[in-house]
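First the structure, in the form of structure tokens, and then the observations on it.
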Amino acid sequence: MGCESTIISTLKSTGRRVTPQRLLILSVIRHAGGHLTVSEIKDQVHRSYPTIDISTVYRNLSILKDLRLISETKLEGMGSHYEWISKEKHLHVVCRGCSKAVQVEDSYLDPLGESLLNDYGYTLDIDHFSISGMCSVCMAYS
């Protein structure tokens, strides 16, 4: 099954309509290979669907997040970024001084997830998130 077929199947199984705008937004995010801002998503979708407006993009992003097809990460100083949820979990550390973002090995997430489940009884969606801090370069200048 191709990626478009998987997307259509997922949307239909949740009772969501399969619209051209929704498919384009998902396709843009899935094939981006990284994080995109709302503006970047709108600009790319606009090339194929010039009548799309920003409210349609926001509305669809909210639906697609709820369906756990995409994730939203708020990168400090850079606003929200959206990314396709793949099978690999990942964590970003973002410097609050220079906004440099580094992807951290997902092995750091497993002990956190296990501890929170054992201690608080929560299974968390920790497939994608960011933590802010200070990089060594910015710490040297602070």
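Is it the case that region 69-82 has a residue that's out of contact with any Leu (no Cβ under 7 Å at 6 or more places or on another chain), surrounded by fewer than 13 Cβ atoms within 10 Å (Cβ to Cβ) and more than 30 Å from CYS135 (Cβ to Cβ)? No: region 69-82 contains no residue that is out of contact with any Leu (no Cβ under 7 Å at 6 or more places or on another chain), surrounded by fewer than 13 Cβ atoms within 10 Å (Cβ to Cβ) and more than 30 Å from CYS135 (Cβ to Cβ). Would you call THR51 open to solvent by less than 70 Å² (accessible area, probe 1.4 Å) and among the polar types (S, T, N, Q)? So THR51 does not fit the description; no.
Going by the conditions given, is ILE131 touching a residue at least 12 places away in the same chain (Cβ under 8 Å), closer than 30 Å to THR19 by Cβ, surrounded by fewer than 16 Cβ atoms within 10 Å (Cβ to Cβ) and among the β-branched types (Val, Ile, Thr)? Give the derivation first.
Working: touching a residue at least 12 places away in the same chain (Cβ under 8 Å): yes; closer than 30 Å to THR19 by Cβ: no; surrounded by fewer than 16 Cβ atoms within 10 Å (Cβ to Cβ): yes; among the β-branched types (Val, Ile, Thr): yes.
When the stated conditions are applied, ILE131 does not pass them.
In region 105-122 there is no residue that is closer than 30 Å to ARG17 by Cβ, open to solvent by less than 80 Å² (accessible area, probe 1.4 Å) and free of Cβ contacts under 8 Å to residues at least 40 places away in the same chain.
Among the candidates HIS35, HIS90, the residue that is closer than 15 Å to PHE129 by Cα, surrounded by 17 or more Cβ atoms within 10 Å (Cβ to Cβ) and out of contact with any helix residue (DSSP H, G or I) (no Cβ under 6 Å at 6 or more places or on another chain) is uniquely HIS35.
Answer yes or no as to whether LEU61 is out of contact with any His (no Cβ under 8 Å at 6 or more places or on another chain) and surrounded by fewer than 18 Cβ atoms within 10 Å (Cβ to Cβ).
On the way: out of contact with any His (no Cβ under 8 Å at 6 or more places or on another chain): yes; surrounded by fewer than 18 Cβ atoms within 10 Å (Cβ to Cβ): no.
Against the criterion (out of contact with any His (no Cβ under 8 Å at 6 or more places or on another chain) and surrounded by fewer than 18 Cβ atoms within 10 Å (Cβ to Cβ)), LEU61 does not qualify.
Against the definition (surrounded by fewer than 13 Cβ atoms within 10 Å (Cβ to Cβ) and within 14 Å of the chain's Cα centre (by Cα)), how does ASP66 come out, yes or no? Taking the combined requirement at face value, the residue satisfies it.
The values are calculated or read from the model by the stated rules, or taken from the named source; none is laboratory data. Just so we're clear, the structure is a prediction, and the values are computed from it rather than from any experiment. Here the Cβ is made from the backbone with ideal geometry for all residues, glycine too, and neighbour counts use every protein chain on show. Just so you know, the surface numbers come from the protein's heavy atoms only, side chains and all, with ligands and any DNA or RNA stripped out. Shrake-Rupley method; radii C 1.70, N 1.55, O 1.52, S 1.80 Å.
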